[in-house]
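Following: one structure in structure tokens, then a few remarks.
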Ligand code: SF4
């Protein structure tokens with residue numbers, strides 16, 4: 001348990017993020033913790049790098065909406081102060097606190113308080129002896145050995161409330177390190193690609209590493225380490241778990257076609273506008289934005305709700321059934337309004353609501369479909385003409 005959040009042992013995978021404020025500034029830090037919790041963080045980590053930070057934690061912990069982890073770097077005294085402040089978990093980096101007696105002292109104090117510790121091995125700050133032993137390189141084996149050494153110190157004092165991470169900025173390296181670690185320990189694992197960088201590439205790297213491991217059943221908590229507002233980290237973490245079906249959906253799942261020669265609107269703009277309009281609304285539905293009424297409703301028939309563009313108008317459908325037609329500039333607002341209705345009353349009620357409009361909506365959709373096929377033909381992307389040209393030049 002990290003506070004009241006269960007970790008490991010079949011508990012739901014949880015999302016962590018980290019504040020970037022000075023922990024000593026407890027008001028600013030609490031404000032950020034609330035923002036992170038609202039964006040999907042289940043657990044938040046704050047740095048405890050100076051005595052004033054520990055004092056800040058003493059003020060933050062009782063008022064935080066989520067459990068707090070204190071991040072300790074070089075000084076074991078900060079760990080003792082953070083425990084005194086009432087934190088729910090410590091994070092220690094074995095590459096930074098190198099005196100086994102200090103580590104054991106912290107473990108004993110944590111044990112007395114029933115507070116777990118994360119052993120946070122980091123590829124970038126591996127102990128020099130291990131670095132040397134593995135040929136002046138950071139290898140998965142070196143990272144796992146570092147974690148096991150640390151676990152041994154904790155075993156010495158009978159402390160086993162441990163969670164482990166072996167993060168690296170290289171995605172293949174962290175994947176392999178976690179795989180090897182999962183083979184040799186049953187302790188819960190915290191996943192992350194460290195120093196992933198700014199979005200979108202940072203998000204992509206972190207997703208590649210963490211999703212691969214989660215799909216293999218490895219990992220109990222996750223953190224996106226992005227060079228960005230930490231709210232983005234929390235949001236990305238939550239979205240990843242929802243996308244993989246590892247957490248119950250709380251947010252909208254917006255699907256959209258990639259657009260093509262058949263599109264009758266600017267799908268990119270409408271999908272983006274819809275995403276912005278849904279914003280932080282907690283509507284756990286799948287909503288589709290499709291560029292044409294020829295293929296859109298069919299391809300998105302499993303969505304709870306969708307809209308497909310016709311001739312300067314949008315065809316709204318619920319569970320694949322046409323329900324109404326709206327002018328093009330009302331497509332996004334209509335989606336939001338119907339999504340809220342379905343969220344509150346259910347899809348059946350939405351279909352009942354459309355009883356007076358659905359026949360006309362179906363006829364209008366068929367009209368626009370036929371018109372699109374007339375104007376753009378069966379080969380809207382002109383692929384056949386291009387292929388003919390390729391064949392001509394090949395001869
Ligand atoms: S055929 Fe229609 S729904 Fe499919 S990608 Fe093209 S515009 Fe989008």
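The values are calculated or read from the model by the stated rules, or taken from the named source; none is laboratory data. Since the structure is predicted, the reported quantities are computational estimates derived from the model, not experimental observations. When we count neighbours, we look across all protein chains shown, and the Cβ atoms used for this are built from the backbone with ideal geometry, even at glycine.
Where helices (runs of 4 or more DSSP H) fall entirely within the range 290-367, those with at least 1 residues that are away from the ligand (no atom under 16 Å from the Cβ), touching a residue at least 24 places away in the same chain (Cβ under 8 Å) and farther than 23 Å from residue 268 by Cα are at 331-345, 347-353. Every test in (1) modelled with pLDDT of 95 or more; (2) surrounded by fewer than 21 Cβ atoms within 10 Å (Cβ to Cβ); (3) out of contact with any helix residue (DSSP H, G or I) (no Cβ under 6 Å at 6 or more places or on another chain); (4) within 30 Å of residue 283 (Cα to Cα) is passed by residue 84 save one, and that test is (4).
Being touching a strand residue (DSSP E or B) at 6+ places or on another chain (Cβ under 8 Å) and in a helix (DSSP H, G or I): is that true of residue 151 here? When the stated conditions are applied, residue 151 passes them.
Residues are listed down the side, and each one gets a yes or a no for (1) within 16 Å of the ligand (Cβ to nearest atom); (2) in contact with a strand residue (DSSP E or B) (Cβ under 6 Å, 6 or more places away or on another chain):
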residue: 246; (1), (2): no, no
residue: 252; (1), (2): no, yes
residue: 260; (1), (2): yes, no
residue: 268; (1), (2): yes, no
residue: 276; (1), (2): no, no
residue: 280; (1), (2): no, no
residue: 286; (1), (2): yes, yes
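A single member of 280, 232, 195 is touching a residue at least 12 places away in the same chain (Cβ under 8 Å), surrounded by fewer than 21 Cβ atoms within 10 Å (Cβ to Cβ), not assigned by TED's automatic domain parsing to the domain that holds residue 299 and not in a helix (DSSP H, G or I), and it is 195. With respect to residue 171, is the statement that it is under 19 Å from residue 91 (Cβ atoms) and either at pLDDT 95 or above or surrounded by fewer than 18 Cβ atoms within 10 Å (Cβ to Cβ) (or both) true? Criteria not met by residue 171. Taken together, the residues in the range 168-184 that are over 22 Å from residue 201 (Cβ atoms) and part of a loop (DSSP other than H, G, I, E, B) amount to 0. Looking only at the range 368-385, how many residues end up being without any contact (Cβ under 8 Å) to a residue 40 or more places away in the chain and within 16 Å of the ligand (Cβ to nearest atom)? So the answer is 8. If I ask for residues that are outside any helix (DSSP H, G or I) and in contact with a helix residue (DSSP H, G or I) (Cβ under 6 Å, 6 or more places away or on another chain), which ones from the range 202-218 would you list? Selection gives 218 alone.
Give the range 268-277 a look and list any residue that's more than 17 Å from the chain's Cα centre (by Cα), within 13 Å of residue 339 (Cα to Cα) and surrounded by fewer than 19 Cβ atoms within 10 Å (Cβ to Cβ), or say none. Within the range 268-277, just 277 meets the criteria. Every test in (1) part of a helix (DSSP H, G or I); (2) in contact with a strand residue (DSSP E or B) (Cβ under 7 Å, 6 or more places away or on another chain); (3) under 28 Å from residue 145 (Cβ atoms) is passed by residue 33 save one, and that test is (3). On inspection, residue 165 passes the criterion of being in a strand (DSSP E or B) and either touching a strand residue (DSSP E or B) at 6+ places or on another chain (Cβ under 8 Å) or assigned by TED's automatic domain parsing to the domain that holds residue 223 (or both). Remark: residue 204 matches the filter, which requires a residue to be over 16 Å from residue 13 (Cα atoms), within 18 Å of the chain's Cα centre (by Cα) and surrounded by fewer than 16 Cβ atoms within 10 Å (Cβ to Cβ). Residues that are closer than 23 Å to residue 193 by Cα, without any contact (Cβ under 8 Å) to a residue 12 or more places away in the chain and not in a loop (DSSP other than H, G, I, E, B) do occur in the range 116-129. Filter the range 220-229 for residues that are in contact with a strand residue (DSSP E or B) (Cβ under 6 Å, 6 or more places away or on another chain) and free of Cβ contacts under 8 Å to residues at least 60 places away in the same chain and give the result. Hit for the range 220-229 is 227, nothing else. Residue 218 passes every criterion in (1) surrounded by 21 or more Cβ atoms within 10 Å (Cβ to Cβ); (2) at negative phi; (3) at pLDDT 90 or above apart from (1).
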